Amino acid sequence: MKRLLINEDGVASYIVASADPAKNVEAKTVSVDLNAVFGYNGLGDIAKKAIAFAVGHVLRNATAGKMDDVEKALEAVADRAKALNEGKWSERKETGETGESSASQLSQALAVVMGVKPNEAADFIVDQVRTALEEAGLDPDASNDDLSADEKSKRRKIAAKVRKSIGDDPAVSTEIGKIKLANAQKALEEKTKAAEGKASAFTKTEAPAA
């Protein structure tokens, strides 16, 4: 069953629990106005797909470990939907391995693909890392002083794996490539400018005429 449905107005409805006519139970859903928050209707197809995937992923993660109690799951998803409607991917504290700079190449590239601001892309990455840590039984907010060497290593590996999975996405990896190319071009231009008028000790010169 497809849990995330997006109407022509750019409003996404996430189905937490399906309707059960036999028991006279209505479907339980929450909504996120993608157009109001992210300008969804004005985005290209790739950006729309990225936004839809990201929102569905964030809302689905909110139900982790709670589907045995639909009301608790609904409450958790409603809280996440509220944050999304306020333009926030995550309201959680960023610490340790969960932090992500909006200036990182990954954040910059993901922002282009998703059609959002770099800080919003960074928040999304943070959310995915934290969720992965929680699913592995690790506290994302735990201080390094409270973790064993094995737990520290496990946390680093999980965070790296999440970031790699995002960076390996074809659209994201393409944007990262563009960023690296632009940075290399800028560095070349700066080095070329700095070398103007300076002689190289390794340049072959002609011997003076006898």
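The values are calculated or read from the model by the stated rules, or taken from the named source; none is laboratory data. What you see is a predicted model; the values in this text were computed from it and never measured. Backbone-built Cβ (ideal geometry, glycine too); neighbour counts: all protein chains shown.
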| message | Against the definition (surrounded by fewer than 11 Cβ atoms within 10 Å (Cβ to Cβ) and either on the phi > 0 side of the Ramachandran plot or part of a loop (DSSP other than H, G, I, E, B) (or both)), how does residue 201 come out, yes or no? | response | yes
| field | Matching residues, segment 48-90, being of a type in the set (Val, Ile, Thr) and more than 18 Å from residue 38 (Cα to Cα) | value | 63, 70, 77
| request: Among the numbered conditions (1) within 17 Å of the chain's Cα centre (by Cα); (2) among the aliphatic types (A, V, I, L, M); (3) modelled with pLDDT of 85 or more, tell me where residue 62 comes up short. | output: (3)
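Among the residues of segment 99-111, write down those that are of a type outside the set (A, V, I, L, M, F, W, C) and modelled with pLDDT of 85 or more.
104, 105, 107, 108
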| note | For segment 24-36, the count of residues that are crowded, with 19+ Cβ neighbours inside 10 Å and either of a type in the set (Lys, Arg) or under 18 Å from the mean Cα position of the chain (by Cα) (or both) equals 2
| request: Among the candidates 121, 160, single out the residue that is out of contact with any Ser or Thr (no Cβ under 8 Å at 6 or more places or on another chain) and of a type in the set (A, V, I, L, M, F, W, C). | output: 160
| Could you list, in sequence order, the residues of segment 142-172 that are surrounded by 14 or more Cβ atoms within 10 Å (Cβ to Cβ) and either within 23 Å of residue 102 (Cβ to Cβ) or not assigned by TED's automatic domain parsing to the domain that holds residue 128 (or both)? | 155, 158, 159, 162, 163, 166, 167, 169, 171, 172
| task | Scan 96, 115 and give me the residue that is more than 25 Å from residue 142 (Cα to Cα) and at pLDDT below 90. | result | 115
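Tell me, which helices (runs of 4 or more DSSP H) lie completely within segment 74-186 with 2 or more residues that are without any contact (Cβ under 8 Å) to a residue 12 or more places away in the chain?
Passing ranges, in order: 149-167.
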